[in-house]
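Only one structure is covered here, and it is reproduced in the block below.
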Amino acid sequence: MHLPFTHDQFLDVFGAYNRALWPAAILIWLLTAAAIAVLYRRGPRTSRLVAAGLAFHWGWAGLVYDLAFFRSINPTATVFGAMFVLQAAIFLWRGVLGSQLSFQPTSAIWGRVGGALIIYALLYPALGLALGLAYPRFPSFGVPCPTVILTVGLLLLAPRREVRLLSAIPVLWAAVGGSAAVLLNIRADFALLVAGPLLLVFAAAGPRRPDIKSA
């Protein structure tokens, strides 16, 4: 796999993104953490809230990061941006407008794995810094890779029948982003190499979960 940019160019894009939008990254993290807290407390209309948050994450990563910043060093970012906007539309259609997506934390194995990935995604910016990157040239919250990790964690909390349509793009991006992470040595993104296959197994052959009405 050959990348059309260098490691330093890749980090420079994050530097430009973080310098321009650091208040947004903090706000997105706070709102996401609040939505997750509500989910685990089983508040009213929780599933729609979480689905709306995921739609925002994917739309933001596609339009703001991919198209406005990443495209400057990688023409393929146009395709990536379109994929992310499509995934945002699917979350909006299925989870918000259609109320056909539900999330329920559970102590079962898939629920625990999903919870671990959610925590990982929330800790993602700190992990990047702890693993050797430096502000502002590091992937912060709201960019594609932590978005995909967060998404996989949340989808593992949903019934399998609801997850299949929503899994294709996250699994594909986990493969693309995970491979690039190895080539660029972005170690916090190595989790994609685990998250993608987990979601694929869950969606294709995971244990059946009882149907849950959307909150």
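A short reminder: the numbers here are calculations on the coordinates, not readings from a lab. Everything numeric here is computed off the predicted structure, so don't read it as measured data. Cβ: placed from backbone, ideal geometry, glycine included. Neighbour counts: every protein chain shown.
Structure notes:
- Tilt relative to the chain, helix 160-184 - C-alpha long axis, 0 to 90 degrees, to 10: 20 degrees
- Between Ala116 and Arg161, the modelled label-to-label distance comes to 2.9 nm, taking each label 7 Å out from Cα in the direction of the beta carbon.
- Straightening the chain between Phe190 and Leu97 buys 30.1 nm, computed as 0.36 nm per residue apart minus the Cα-Cα spacing.
- Dipole-positive endmost among Thr147, Leu101, Ala34 within the chain (Cβ charges, Cα centre): Leu101
- A viscosity of 1.306 mPa s and a temperature of 10 °C, combined with the Kirkwood radius over C-alpha pairs in the Stokes-Einstein formula, give the range 39-106 a diffusion coefficient of 126 µm²/s.
- Helix 46-60 axis versus longest C-alpha principal axis of the chain: approximately 20°, rounded to the nearest ten.
- Qualifying trypsin sites (Lys or Arg not before Pro) in the range 33-89, DSSP loop, other Cβ atoms within 10 Å at most 16: Arg42, Arg45
- Test item: Cα-centred dipole of the range 7-205, Lys/Arg +1 and Asp/Glu -1 on Cβ, debye: 620 debye
- In degrees, nearest ten, helix 192-205 long axis to first principal axis of the chain (Cα): 30 degrees
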